[in-house]
Amino acid sequence: AQSVTQLDSQVPVFEEAPVELRCNYSSSVSVYLFWYVQYPNQGLQLLLKYLSGSTLVKGINGFEAEFNKSQTSFHLRKPSVHISDTAEYFCAVTFKAAGNKLTFGGGTRVLVKP
Amino acid sequence: DTAVSQTPKYLVTQMGNDKSIKCEQNLGHDTMYWYKQDSKKFLKIMFSYNNKELIINETVPNRFSPKSPDKAHLNLHINSLELGDSAVYFCASSQVNGTVYGYTFGSGTRLTVV
């Protein structure tokens, strides 16, 4: 069975500082990996995805993530955050044989301080 | 045009009532999902339909009954509502047959049972 662990439930960060959100997964087969963002009182929006190929994936709003197969990780980074990046971030994993069933991590709340 | 739309956005109801949430997608995707997000923001899949066929049915009380009249619609009916059903319910869609794009989510239905 696949599972996703987000190691930090909350990450406070100052505006214009870098941020890294950690995500580790477990699966016995090849996976597809995703990061989603949820702004307050809104639905989930896809930030980026890793399907295959280059392990460094660039997404929207200046975010990027690196797939590390040996460490089964898919950490999300942004070099300089804005107040508007305050949100909940979810890492998720699926593999095609699962009917595209997405399994989510517990989420990381990013609070950007001025 | 909204890609995945859910109605209603808010739903407040008394224990024991029966209620429905509707979802429609205009992306031409072949698969739709219902997810439940609890008060701690944890997201868990409930059901998935592929071309009107139920393919994922997680451990959900049988008071919850999904229905997919066509591949663009997936409704969720809940009987005998309980306090513990209070949550945000998200509908999502994806294309399973073909390239994996990830999910597109609706904006959610906040259900409050009093």
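Coordinate-derived values only; no laboratory data. Computed from a prediction, not measured in an experiment: that's the story for all the values here. Glycine also receives a Cβ, built like all others from the backbone with ideal geometry; neighbour counts cover every protein chain displayed.
Between residue A:70 and residue B:63, the simple spin-label model (points 7 angstrom out along Cα→Cβ) gives 5.1 nm. Note on chain B: GNM, Cα springs under 10 Å; of B:95, B:14, B:37, the largest mean-square fluctuation is that of B:14.
The label point for residue B:83 and the one for residue B:15, both projected 7 Å from the Cα toward the Cβ, are 0.6 nm apart. For residue A:49, the aspartates and glutamates whose Cα comes closer than 18 Å to its Cα, not counting residues fewer than 8 places off in the same chain, are A:20, A:64, A:66, A:88. Taking 11 Å as the cut-off, no amide N atom of the stretch A:17-42 comes nearer than this to a point 7 Å along the Cα-to-beta-carbon line of residue A:58. Quick check: the distance between the Cα centres of the stretch A:24-90 and the stretch B:45-61, to the nearest angstrom? Each part's Cα centre sits 26 Å from the other's. How much FRET efficiency would the formula 1/(1 + (r/R0)^6) give for residue B:40 and residue B:2, where r is the Cβ-Cβ distance and R0 is 22 Å, rounded to 0.05? With R0 = 22 Å, the Cβ-Cβ based efficiency is 0.20. If the limit is 32 Å between Cα atoms, which of B:19/B:40; A:113/B:44; A:101/B:9; A:58/B:22 go over it? A:58/B:22, as the Cα separations exceed 32 Å there. Building the convex hull from the alpha-carbon atoms of chain B and averaging its projection over directions returns 6.8 nm². Note on chain B: GNM, Cα springs under 10 Å; of B:79, B:17, B:51, the largest mean-square fluctuation is that of B:17.
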